[in-house]
Structures are given as structure tokens and as C-alpha cells.
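Accompanying notes for the structure given below.
All of the numbers you see were taken from the coordinates with simple rules; none came from a lab. All values reported here derive from a predicted model rather than from experimental measurement. Cβ placement follows ideal geometry from the backbone for every residue including glycine, while neighbour counts extend to all protein chains displayed.
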Amino acid sequence: MPLKSNARHCEICGKMLKNPVTLAAHVSHMHTNRIRLSCNICNDTFSNRGHLQRHMDTVHPTKEQPRFPCGFPGCEKSFNRKDGVSKHVKSTHMQKVGRETFKCQLCPQTRTSRERLQNHIRRVHENQRNYPCTFCDKRFSNSYHLKRHVEVIHATNKEPIHSCDKCGYKSHSKHYLTMHARRHNAGRHGS
């Protein structure tokens, strides 16, 4: 399907957005260091009150709510919301011909396993960062990204070889320097 002329690509996470306004809102909500709302029960964080309320209603309900069964033969799962059943059926029980893929119901992205799709949803759409770095205040969506961060940023056996010409930030990785520079371009570090 061809993209409309107004469609914009987020250079930070790769998500495709329909126009510059939605791109700006996406960057503001998903890729800034602003204070996020957190669940007082499980400490998950959310970009706005609506997402937090939906989380509270589905994950930590205060009253008994009807459950919606999957309905797929042999599957015993049930969900608090009807859209949860739809997402589950599409990501768990349906596949494309050929190589199995799992499509994200929130964006056009696909993944080759349920686990990778769940990681994508946690990282990009729910902005969950449950793996904290013990050397700095950064948090990551999975252990692989945390391990890579520690190896690249906090490596003690070599000096950083890449540095930012705007602020002096240094990194062992050219990739991390590129990501850092994008934040300057987006106005998130100042000039």
C-alpha cells in the first residue's frame, strides 16, 4: 500500500505516522525524558492518563468484570476486553503463508515470533523499560538491549572513540552517537 504524501517516518523507532502533527505528538509522548505517569501497584509507566486508566481497568480491576474467551479450539485464554481477544487471535492463532509472522495491531510492524512482537509492543507502544542499568539512569525494554548498552557505553577496557561535536558526548559505538545526534536534531538536547 503506497504511503500518503503527508506520512512521516520516526527516525528514532521506525514507526510510520500519518502526518507531521502525529509524528510530533509521537516523539513527544514516546521519545522524550518527560515525567511519565506510573501505576502505583506494578510501577509500569505510561505516556498519558488514558493509557494508565486502561492499564488499571484491565490489569488491576477493582471489581469483577466479565471475561471474553478466545474461542479458538483448544485455547483456554480469556480477556478483560473484546479487542484483547481480537489481538490475541491475530497474533497467536493466525499466520501468513510461508514464513510465520506476527503483526502488531497498533502499527504496521511485524515480527517473526510472539516474543519479539510482545517486546516490540512493550518497547514502542507501552514504553516499558523494566531493565535498569546499574551504571547510569537509563532503562531498557529487554535484557539484550541492556547488555549491549553496558558493553558499548560502560566498557572499562577502552576509551570512547566517537564524540559529539555539539556537546562532547562520547561513545564506543557509532550507532549510539548517531542516535544521540538525532536527539539534537529533534531539539531534545538543545543545541
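Quickly rank 119-127, 68-76 as a protection proxy: mean count of other C-beta atoms within 10 Å, highest first. Don't skip to the end; give the middle numbers.
Details: 119-127: 18.6, 68-76: 11.4.
Highest-to-lowest ranking by the protection proxy: 119-127, 68-76.
When the C-alpha atoms of region 68-125 are aligned to their principal axes, what extent does each axis show, in angstrom, from largest down?
27, 26, 16
Among His175, His145, which comes first, then next, by fewest other beta-carbon atoms within 10 Å? Can you show the working numbers first?
Details: His175 12, His145 17.
Exposure proxy ranking, most exposed first: His175, His145.
Mind ranking 131-141, 10-20 by how tightly packed they are, going by the mean number of other C-beta atoms within 10 angstrom, highest first? Don't skip to the end; give the middle numbers.
Details: 131-141: 13.5, 10-20: 15.0.
Ranked by mean Cβ neighbours within 10 Å, highest first: 10-20, 131-141.
So what's the angle, to the nearest 10 degrees on a 0 to 90 scale, between helix 174-185 and the longest Cα principal axis of the chain?
In the chain, helix 174-185 runs at an angle near 90 degrees to the longest axis.
Please report, to one decimal in angstroms, the Kirkwood hydrodynamic radius of the chain built from all distinct Cα-Cα pairs. Kindly include the intermediate steps, with their values, before the conclusion.
Details: mean 1/r = 0.0515 Å⁻¹.
Evaluated on the chain, it is 19.4 Å.
For region 11-91, what ratio Rg/Rh do Cα atoms give with a Kirkwood hydrodynamic radius? Present the calculation step by step, with values, prior to reporting the outcome.
On the way: Rg = 16.3 Å, Rh = 15.3 Å.
Rounded to two decimals, Rg over Rh is 1.07.
Counting each pair of different Cα atoms once, what's the Kirkwood radius of region 31-137 in Å, rounded to one decimal?
On the way: mean 1/r = 0.0630 Å⁻¹.
About 15.9 Å for region 31-137.
Run the dipole for the chain about the Cα centre, Lys and Arg Cβ at +1, Asp and Glu Cβ at -1, nothing else charged, and hand back the magnitude in debye, nearest 20.
So the dipole magnitude of the chain works out to roughly 380 debye.
Out of Ile153, Ile41, Thr134, whose Cα points farthest toward the positive end of the dipole of the chain (charges: +1 Lys, Arg; -1 Asp, Glu; placed on Cβ)?
Ile153
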